[in-house]
Amino acid sequence: QVQLVESGGGLVQPGGSLRLSCAASGFIFSVYPMGWYRQAPGKQRELVATITSTGSTNYADSVKGRFTISRDNAKKMVYLQMNSLKPEDTAVYYCKRVGSEYWGKGTLVTVSS
């Protein structure tokens, strides 16, 4: 069965960095686009970034220039490098197989001093 497991969240000060990881299993990872989404308290889940099977990327305007999505098809992993974090980046971050309803359980990122 499809499984997506996120890790790497935590508490970080404004201006700091975190790297999120998502381990995928149960499907042919290399052929699917993958994405990171987030949901802040009291808000709807929103797109953060996506990456195609060939490595083309797309970002929400709010994270452009600060976040980088990448993937390692051999390891079946997708990553989100987050730099220059802001308090408004605080959210639960989810990994998703784009075009499907397969989601991970999420990892909490809290940006606070």
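Quick look at the values:
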read-out	value
Length-normalised contact order for segment 1-100 - Cα pairs under 8 Å, 6+ apart - percent	35
Around Val5: net Lys/Arg minus Asp/Glu count, Cβ-Cβ under 11 Å	+1
Solvent-accessible area of Trp103 with every protein chain in place, 1.4 Å probe, in Å² to the nearest 10	80
Accessible surface, per residue, of the chain when the full set of protein chains is kept, probe 1.4 Å, Å²	53
Amide N proximity, segment 86-104 versus Leu11 label position 7 Å along Cα-to-Cβ, cut-off under 16 Å	87, 90-91
Met34 accessible area, 1.4 Å probe, all protein chains in place, Å² to nearest 10	0
Percent antiparallel among DSSP beta bridges (both partners in the chain, rounded to 5)	90
Burial ranking of peptide ranges 88-98, 18-28 (average Cβ count within 10 Å, highest at the top)	88-98, 18-28
Inter-label distance, nm, simple model (7 Å from Cα along the C-beta direction), Val31/Gln81	3.0
Apportionment of accessible area to carbon and sulfur, the chain, percent (1.4 Å)	49
Test item: Cα-centred dipole of the chain, Lys/Arg +1 and Asp/Glu -1 on Cβ, debye	120
Between segment 38-113 and segment 15-36, the Cα center-to-center distance that results, in Å	8
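The values are calculated or read from the model by the stated rules, or taken from the named source; none is laboratory data. As the structure is a computational prediction, the values presented were derived from the model and not from experiment. As a convention, Cβ positions derive from the backbone with ideal geometry for all residues, glycine included, and neighbour counts pool all protein chains shown. These area figures cover heavy atoms from the full protein model, side chains too; ligands, DNA and RNA do not enter into them. Shrake-Rupley method; radii C 1.70, N 1.55, O 1.52, S 1.80 Å.
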